[in-house]
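The values are calculated or read from the model by the stated rules, or taken from the named source; none is laboratory data. What you see is a predicted model; the values in this text were computed from it and never measured. Cβ placement follows ideal geometry from the backbone for every residue including glycine, while neighbour counts extend to all protein chains displayed.
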Amino acid sequence: MLIKGTDLLDKKVRHAQANEDNIELNGILLNKYDFTLCYLTFEEAVPADPGNDKSFDAVDRSVLNMQAATSGIGSQSTPLSGTGYPVSTKTRIKETYYIPWHEIVSLDEDIVYQGNERQLDEPEECLESTIFKGWTVETIEGDKIGKIHDLILDTIAKKAVALEITEGFWSKLMGEGNKYLPIAGEPHWAEEKWIVEPELKDHLVNTKDEIQPLF
């Protein structure tokens, strides 16, 4: 199945054993060398200090220390002014989780995954699928084909297979609307350009369903 990266990002995520789809996807990671699909990412609120359920603010702690130093004066049933008893005030922070692509079991209405292999460390060999948005696509001769609007993902082959192109002379030459170009050539990171061979212009198509693999 061919799907735009942004369309995949719009889907909800849930575990195969859960009924609720309350997880919002916030990233798609690709291998930076061959553009295979590596991970889906989402954020989840977790306790900042899971081992400490109770806390005081700074004022409470200082006054309670004073109470202890004065043999408990004011520490009967009513606290001294400005103090309070310990309360459960867990601070929550957002953690990013990385779901390996091989754990995805369905991409129908929701993205459904199985297993519990959710790593926290960002994979060094991967990059965000949105990183190329706005880059210029040019031939090695300097002809501008257009700008990258999105990536087209093949969920069966498990990789990015094409660029969605907007603007540019060659793109507009084929009529209105965005065009699609099979992934070939290579990214030039310093210039934020994707450089391709001149003959790749002949592979521009009007819809993602017309995309043909080059190899």
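Table for the structure above
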{"item": "Residues located in region 177-215, provided they are in contact with a helix residue (DSSP H, G or I) (Cβ under 9 Å, 6 or more places away or on another chain) and under 15 Å from Ile3 (Cα atoms)", "result": "Asn178, Lys179, Tyr180, Leu181, Pro182, Ile211, Gln212"}
{"item": "Among the candidates Thr41, Thr36, Thr6, residue that is crowded, with 17+ Cβ neighbours inside 10 Å and among the hydroxyl-bearing types (Ser, Thr, Tyr)", "result": "Thr41"}
{"item": "Filter result for Ile165 (without any contact (Cβ under 8 Å) to a residue 60 or more places away in the chain, under 30 Å from Ile104 (Cα atoms) and crowded, with 16+ Cβ neighbours inside 10 Å)", "result": "yes"}
{"item": "Any chance Glu199 is in the same structural domain as Asp150 (by TED's automatic domain parsing) and either part of a strand (DSSP E or B) or modelled with pLDDT of 90 or more (or both)", "result": "yes"}
{"item": "Qualifying residue in region 107-122 (condition: over 26 Å from Glu197 (Cα atoms), touching a Ser or Thr at 6+ places or on another chain (Cβ under 9 Å), surrounded by fewer than 17 Cβ atoms within 10 Å (Cβ to Cβ) and modelled with pLDDT of 90 or more)", "result": "yes"}
